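Report on the following structure.
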Amino acid sequence: MHLFEKAIATIVIATALGGLVPPSYAMPGGSHDHSSSPKTRLPLPEKSATEIAAEKFYNRGLEKVQGKDYQGAIADFTEAIRLDPTHETAYINRANSRNQIQDHQAAIEDFTQAIRLNPTFTHLYNSRGEVRAHLGDLQGAIEDFTQAIQIYPEEWIGYFNRGEIRYKLGDHQGAVEDFTQAIRWNPNYASAYTYRGDVRAKLGDRSGANQDYQTAAQLSTNPANVDRKETAINQ
């Protein structure tokens with residue numbers, strides 16, 4: 001099993017290992033809005049000249065990311081942050097760009113700053129946790145994924161990420177529980193069945209493993225999911 005093999009691009013926010021966050025994406029106070037009632041829209045305060053300049057650098061940074069000029073993008077996001085230290089998405093996209101050039105520790109620092117600005121934005125914890133796991137800080141990664149889950153218990157990707165780490169650490173029962181929760185909140189995510197099947201096979205539950213592999217094969221055309229059943233039988 002490889003950590004973070006999943007297609008995390010299915011999440012709206014960019015992955016920790018690269019991508020874009022549009023200027024208007026991050027929701028103040030958290031990443032989930034559960035209210036169904038209409039809200040009164042208050043007029044937005046006018047931006048200062050400094051904030052407008054920061055936004056220009058930020059948008060230029062996004063364009064450079066699109067062109068894979070990550071060093072140039074980092075320079076622009078840095079200037080945007082200098083002008084507007086509260087520019088949350090500039091920190092996020094600078095983190096993503098830094099990951100692209102393998103500057104993972106600096107990316108963690110940027111995600112940490114973004115979390116200070118928006119401590120209930122669950123995807124930031126998942127993103128920082130992924131980078132921590134990539135650097136081998138598995139306990140730190142578990143803490144981040146757990147924090148995401150505590151903020152929003154329906155955060156299926158947090159369960160999935162934590163399940164992968166627990167599997168790697170040998171906590172097979174904990175991994176099964178996490179993959180089960182991921183499936184509960186996202187029953188169509190094939191990889192959650194595949195990985196739970198892997199853990200069940202390790203635990204000797206071949207019947208449960210085969211059921212998971214069959215479900216994964218039905219949900220996915222990925223050969224890795226389709227071929228898992230044979231793996232369980234031969235273990």
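Gln173 to Glu143: FRET efficiency via 1/(1 + (r/R0)^6), r the Cβ-Cβ distance, R0 25 Å, to the nearest 0.05?
Numbers: r = 20 Å, r/R0 = 0.78.
For R0 = 25 Å, the calculated efficiency reads 0.80.
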**Report entry** In order through segment 65-78: 3J(HN,Hα) via Karplus (6.51 cos²θ - 1.76 cosθ + 1.60), integer Hz, x for Gly, Pro
**Finding:** 4, 4, x, 6, 8, 6, 5, x, 5, 4, 4, 5, 5, 5
Query raised in the report: So if we plug the beta-carbon distance of Glu51 and Gln71 into 1/(1 + (r/R0)^6) with R0 = 35 Å, what FRET efficiency do we get, rounded to 0.05?
Result: 0.90
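In nm, what is the difference between 0.36 nm times the number of residues separating Asn186 and Arg116 and their Cα-Cα distance?
On the way: separation 70, 0.36 × 70 = 25.20 nm, distance 2.87 nm.
Taking 0.36 nm per residue and subtracting the Cα distance, the gain is 22.3 nm.
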Query raised in the report: Measuring from label point to label point, each 7 Å out along Cα→Cβ, what is the Glu63 to Gln102 span in nm?
Result: 3.0 nm
Report task. Let me know the whole percent of all Cα-Cα pairs from segment 97-211 that are separated by more than 16 Å. Result -> 59 percent
Query - Estimated distance in nm for a label pair at Leu135 and Gln218, the labels positioned 7 Å out from Cα along Cα-to-Cβ - result: 4.3 nm
Query - Karplus (6.51, -1.76, 1.60) ³J(HN,Hα), θ = phi - 60°, over segment 197-213, in Hz, Gly and Pro reported as x - result: x, 4, 5, 4, 4, 4, 7, x, 8, 5, 5, x, 4, 5, 4, 5, 5
Requested in this report: Could you tell me the convex hull volume per residue, in Å³, taken over the Cα atoms of segment 46-121?
Outcome: 81 Å³
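Every read-out reported here was derived from the displayed coordinates using simple, explicitly stated rules and does not represent laboratory data. The shown structure was predicted, so the numbers you read here are calculated from the model rather than taken from an experiment. Virtual Cβ from ideal backbone geometry, glycine too; neighbours counted across all protein chains shown.
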